[in-house]
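Contents: one structure, followed by commentary.
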Amino acid sequence: MRKLAIPTAAVAAMSFAAVAPSYAQTPGVSSNIDVTPKVTPNKAGTKKKPKSVNLDIKVKWSHTGPDGQNKPVMEKMEILFPKGSLYKGGSVPSCAISKMQGGNLPKDVCPKGSIVGSGSANAWADTVKTTAKFTLVNGGAKNVYLFTEMENPAIVQVPVPGKIKKGGKLGGYVLTLDVPDDLKIVGGAPISLIDAHIKTKSKNWLMTTSCPKNKKWPFETTAWFDNGNQAKFSSSVKCK
C-alpha cells in the first residue's frame, strides 16, 4: 500500500489545464500529477469586499510500471495559491490536532463550524485497491488538517497536518501537507494514491480579493515520493 494525502487540501488550487512534466530521480520510473480544480464563484471579490469561495478539486497520480509495481508512497505535497486569494482560517472556528489524535473523529471532538470540507480517495495497498475518506478541518490561521479514515488493509484514523503561510512565487499562500507514517504503510502494505476528490463547504474560510488582468488564477502543485521522485503540475483557473 502507499500513502494518502490531498490535496487538501487543498485545498486551494483552482480550475484545470494541461499536465506539466514531472521530475523523476529513479531511473526508468516516473510520476505524474493531474489536477482539475473548480472555484465557485469565479468572480473575484475586492480587498474591501472579499468574496467567499468553495473549491472542488480532483487529483490523479500515475506512475510507470505495471499495477502493483513502481508505486511510490507520497511523503509530502505542496500547493501554491495565487495573489488574489485570501485564507481566513484564523477568523472561523478551528480544531486542535490533539483532539483528533488517537482515532477521535472530528465530528465528535471538534467545534461546530470547524469542519470545512470532505472527500475521498482510491489507492493501492501493495497490489490491492483500497479507499479512504477525508474530513477537512480548519486548524486556525496557519494550520489545516485532512483527517483520513481507512478500513483496509487495517483501520486507520489519522489527521494529515497541513501548514499554511503567506508568500510563494505566485504571491498568495503556500500549503504544505506532510503525510504521517501511519498512512504510508497500513497493515504492512505500502499505500500509493491513485486519485482523490475534495470539496470545501465553508463560508468565509477561503476568499478572493482580485482577478489578474489575464483573467486567470495560476496555481502549482508538487509532490515528493519515497523513491526520490518528484512530480509537478502547473496551470490556471479562469476568473472574472
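The values are calculated or read from the model by the stated rules, or taken from the named source; none is laboratory data. Here the structure is a predicted model, which is why all the values come from computation and not from measurement. Don't worry about glycine lacking a Cβ; one is built from the backbone with ideal geometry, like all the others, and counts go over all protein chains shown.
What number of residues within the range 143-152 are assigned to a loop (DSSP other than H, G, I, E, B) and closer than 18 Å to LYS112 by Cβ? Explain how you work it out, then say what you get.
Quick first cut of the range 143-152, residues assigned to a loop (DSSP other than H, G, I, E, B) only: 151-152.
Narrowing the set further to residues that are closer than 18 Å to LYS112 by Cβ leaves none.
Qualifying residue count, the range 143-152: 0.
Within the range 143-155, the set of residues being crowded, with 20+ Cβ neighbours inside 10 Å and either more than 15 Å from the chain's Cα centre (by Cα) or modelled with pLDDT under 95 (or both) comprises MET150 only. Of the numbered criteria (1) farther than 29 Å from ASP226 by Cα; (2) not in a strand (DSSP E or B), the one LYS38 fails is (2).
Just checking, which of GLY140, GLY90 is part of a helix (DSSP H, G or I), under 21 Å from the mean Cα position of the chain (by Cα), within 24 Å of MET207 (Cα to Cα) and of a type outside the set (Lys, Arg)?
Details: GLY140 fails: part of a helix (DSSP H, G or I).
Within the list GLY140, GLY90, the selection yields GLY90.
When the range 128-142 is limited to residues that are buried (at least 19 other Cβ atoms within 10 Å of the Cβ) and among the polar types (S, T, N, Q), the one that is nearest to VAL186 (Cα to Cα) turns out to be THR130. Scanning the range 202-240 for residues that are under 18 Å from PHE81 (Cβ atoms), out of contact with any helix residue (DSSP H, G or I) (no Cβ under 7 Å at 6 or more places or on another chain) and among the aromatic types (Phe, Trp, Tyr) yields TRP217, PHE219, PHE233.
If you go through the range 95-124 and keep only what is modelled with pLDDT of 95 or more and in a strand (DSSP E or B), you end up with ILE115, VAL116, GLY117, SER118, GLY119, SER120, ALA121, ASN122, ALA123.
For the range 1-57, give me each residue that is among the small types (Gly, Ala, Ser) and modelled with pLDDT of 50 or more. Even if it seems obvious, please write down each step before you answer.
Within the range 1-57, the subset among the small types (Gly, Ala, Ser) is 5, 9-10, 12-13, 15, 17-18, 20, 22, 24, 28, 30-31, 44-45, 52.
Within the range 1-57, GLY28, SER30, SER31, ALA44, GLY45, SER52 qualify.
Taking the numbered list (1) within 18 Å of the chain's Cα centre (by Cα); (2) under 25 Å from ASN229 (Cα atoms); (3) surrounded by fewer than 24 Cβ atoms within 10 Å (Cβ to Cβ) in turn, ALA123 passes all entries but (3).
Of the residues making up the range 227-239, just one is charged (D, E, K, R) and buried (at least 17 other Cβ atoms within 10 Å of the Cβ), namely LYS232. Just one of the listed residues (LYS169, LYS184, LYS199) is of a type in the set (Lys, Arg) and farther than 17 Å from PHE134 by Cα, namely LYS169. When SER85 is tested against the conditions (1) over 21 Å from SER234 (Cβ atoms); (2) touching a Phe, Trp or Tyr at 6+ places or on another chain (Cβ under 7 Å), the lone failure is (1). If you go through the range 130-173 and keep only what is without any contact (Cβ under 8 Å) to a residue 60 or more places away in the chain and in contact with a helix residue (DSSP H, G or I) (Cβ under 9 Å, 6 or more places away or on another chain), you end up with THR135, VAL137, GLY139, GLY140, ALA141, LYS142, ASN143, TYR145, PHE147, VAL156, GLN157, VAL158. Filtered by the rule that a residue be among the charged types (D, E, K, R) and at pLDDT 95 or above, the range 62-94 gives GLU75, LYS76, GLU78, LYS83, LYS88.
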